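These notes concern the structure reproduced below.
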Amino acid sequence: MLIDWDAKYCVGHPRIDSDHKCLIEIINILCRVMLTHESDEVLHDLLRLLLNQAQGHFDREEGYMRDADYPAYEDHHAKHVVLLEQVVDLAHRLEENREDTVPESTVKFLHEWLIDHIVSDDKPLGAYLAARRL
């Protein structure tokens, strides 16, 4: 169950859309690795990459929000914090005992983690930035 990039995920900001494509690709690779039972080291490296990319993406988005005086900044930032905490928790659970992890539920979580955030939170941000030509 991989994520195929679709125009419906575009928020209209080139850098944000590029970040989203990169995050989707990392999640797709991570899902393939989990389903093929690659080594724990590979899984750990990919989770670290996902966390680093997500943190960088969130930092950029929050910079755009501050520069544009985005009215929903505090709420959006709080969601970023929760999303990162969820991925850190997932990484810890997978590292503690990978055999007890159900890959399908993990794959579903990763899909929802990113896609729901794009559709629910980032699309309104993209529209706000576009209206201000930022």
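Only the coordinates and a few stated rules stand behind these numbers; no lab work does. Just so you know, these numbers come straight off a predicted model, no measurement behind them.
Quick rundown of the values:
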quantity	calculated
Hull volume in cubic angstrom per residue (convex hull over the Cα atoms of the range 54-134)	78
Anchor Lys79: lysines whose Cα lies under 18 Å away (excluding residues fewer than 8 positions away in-chain)	Lys123
Potential extension, Ala78-Arg48 segment - 0.36 nm per residue separation minus Cα distance	8.7 nm
Axial C-alpha extent at least 27 Å, average Kyte-Doolittle at least 0.5 - helices from the chain (DSSP)	14-35
The chain: most fluctuating residue of Val11, Val81, Val33 per GNM, C-alpha cutoff 10 Å	Val81
Kirkwood Rh, angstrom, the range 9-55 [1 / mean 1/r, Cα pairs]	11.3
Alpha carbon centroid spacing (whole Å) that separates the range 1-46 from the range 74-90	17
Space enclosed by the convex hull of the alpha-carbon atoms of the range 5-86, per residue, Å³	96
Choice from Leu90, Leu35, Leu23 with maximal GNM fluctuation in the chain (Cα, 10 Å cutoff)	Leu35
